[in-house]
Amino acid sequence: MIVNLETKKEQINIIQNIFNDKWKIKIICSLLNKERRLKDLNKGINNITQKTLIVKLKELEKKGLVEKRYFPEVPPKVVYSVTPVGKKLKPIIFSMLTWVDKYKINFISKI
């Protein structure tokens, strides 16, 4: 199938907005299989500050890729999870990972 990318500028901009960020893809991947609390996300993603994590989670919430749920407990419990729309990224992310596994030799020395 041939796609004219000139007619897909808006879609390309949206893709760039999701994947051009150092942290968003890591956050989404961390949440794809399991909902997590903020502290668990923070521990699981190396070198991200809590402030940056909160900012990125809010950005992903606004885009409808991540949701935040509150549980009325003592102490209060808040968990983050990927929305149904965000879960649709799973095969795309795995396709990209497969591509990297196949072609990473082309990039290793250049990173």
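Annotation: of all residues in region 70-81 being surrounded by fewer than 15 Cβ atoms within 10 Å (Cβ to Cβ) and touching a residue at least 24 places away in the same chain (Cβ under 8 Å), the one that is farthest from Leu32 (Cα to Cα) is Lys77. Candidates Lys26, Lys9, Lys39, Lys51: the one that is surrounded by 12 or more Cβ atoms within 10 Å (Cβ to Cβ), of a type in the set (Lys, Arg) and assigned to a helix (DSSP H, G or I) is Lys26. When restricted to residues that are in contact (Cβ under 8 Å) with a residue 24 or more places away in the chain and over 20 Å from Ile14 (Cβ atoms), region 35-68 contains 8.
Among residues of region 82-111 being of a type in the set (Lys, Arg) and within 15 Å of Phe19 (Cβ to Cβ), the one that is surrounded by the most Cβ atoms within 10 Å (Cβ to Cβ) is Lys90. For Ile54, indicate whether it is more than 11 Å from the chain's Cα centre (by Cα), at pLDDT below 95, on the phi < 0 side of the Ramachandran plot and aliphatic (A, V, I, L, M). No: the conditions fail for Ile54.
Sort out which residues of region 71-111 are over 25 Å from Leu60 (Cα atoms) and assigned to a helix (DSSP H, G or I), and write them in order of number. Asp101, Lys102, Tyr103, Lys104, Ile105, Asn106, Ile108, Ser109, Lys110 - these are the residues of region 71-111 that are over 25 Å from Leu60 (Cα atoms) and assigned to a helix (DSSP H, G or I).
Just name the residue that is nearest to Leu89 (Cα to Cα) out of those in region 12-23 that are in a helix (DSSP H, G or I) and more than 8 Å from the chain's Cα centre (by Cα).
Top of the filtered list is Ile15.
The values are calculated or read from the model by the stated rules, or taken from the named source; none is laboratory data. Bear in mind the structure is a predicted one, so any value in this text is a computation, not a measurement. Note that each Cβ is placed from the backbone with ideal geometry, even for glycine, and that neighbours are counted across all protein chains shown.
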